[in-house]
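In what follows, a structure is listed as structure tokens, so that the remarks can point back to it.
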Amino acid sequence: MRAPTHSRIQELSLDEQAVYRQLDAAKIPRHAAIIMDGNGRWAGKRMLKRFLGHQQGAESVQYVVETASRIDLPWLTLYAFSLENNLRRPKAEVNFLMKLLKSYLVGNVKRMNDNNVRMAYIGRIHELPAEVQDTMQWASEATAKNTGTTLTLALNYGARSELVDAMRLAVREAIAASAGDPELLQTLIAGLDEHHISRQLYTAAMPDPDLVIRTSGEQRISNFLLWQIAYAEIFVTDRLWPDFRGIHLLEAIADFQRRERRYGGLGDSFTDENLEAHHAGDAAELVRR
């Protein structure tokens, strides 16, 4: 990952610049994903209605997106509305969230264009109200030529449902390719691998997240990008989403950069020589006994 070619770092606040100067610009994550949690609790602590927490949470989105664009973060995915939210929340709250989504998109497309941000979506979008889908499509088309951060909203999204949809698509593809030959179909299905499944995911055009941020202190993934975050670093903060700002994104990235990512290996600090010395020590201990 390169440093920004047309630096917008001067647009960060002074506090944000202080944190950014501690970062290695060459090691900014390619993709950060955020589980935005705590809108209701934020409102409850202030004896406010839940919808005010959601409104404040929508404000936080744009602050974080603008900071992401200024540091040239290529991909930012926000868990905005889960499949479970759609099924289990009161209808009045779901309707309000849909209106808030439309309002957010209409009110912020100009700011997205000003910040070179491109809009995208993942989830069972086709199940959302038609007027919401129309606004989403409009915002996507209005920002399609931007080349900076891609902001992806996960809407009516659930990772298990995504995997079901991906498996169905992979099987349909195999059936079409087999042209009615049952033996060929069996061979094609037996040959399905991770690559085939990844191509059918909602996120097929995106890199897997390097960093997952969870607000509100909850220690769970909540059915978010289960396939894609297999090797992601996870950062949990007690801060509720409406209080989350760009500086907190930078702090999460700073924590990310202090970690050693091993992808199932041993890491740079552990070598075969360490193992050999360890075994030699065990052997010597056995001789002493």
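The values are calculated or read from the model by the stated rules, or taken from the named source; none is laboratory data. Note that the structure is predicted; figures quoted are calculated from it, not measured. Please note: Cβ atoms are built from the backbone with ideal geometry, for glycine as well, and neighbour counts cover all protein chains shown.
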Hey, can you tell me all the residues within segment 89-101 that are surrounded by 13 or more Cβ atoms within 10 Å (Cβ to Cβ), assigned to a helix (DSSP H, G or I) and of a type outside the set (Asp, Glu)? Val94, Phe96, Leu97, Met98, Lys99, Leu100, Leu101
Quick check: anything in segment 132-145 among the hydroxyl-bearing types (Ser, Thr, Tyr), farther than 18 Å from Tyr63 by Cβ, under 16 Å from the mean Cα position of the chain (by Cα) and in the same structural domain as Asp72 (by TED's automatic domain parsing)? no
Within segment 174-196, is there a residue that is surrounded by 12 or more Cβ atoms within 10 Å (Cβ to Cβ), within 23 Å of Thr77 (Cα to Cα), outside the structural domain of Ser82 (by TED's automatic domain parsing) and modelled with pLDDT under 95? yes
Within the group Ala80, Ala18, which residue is outside any strand (DSSP E or B) and hydrophobic (A, V, I, L, M, F, W, C)? Ala18
Within segment 99-151, residues touching a helix residue (DSSP H, G or I) at 6+ places or on another chain (Cβ under 7 Å) and among the β-branched types (Val, Ile, Thr) come out as Val106, Val109, Val117, Ile125, Val132, Thr135, Thr143, Thr149
Considering residues of segment 102-143 that are part of a helix (DSSP H, G or I) and of a type in the set (Lys, Arg) only, the residue surrounded by the fewest Cβ atoms within 10 Å (Cβ to Cβ): Lys110
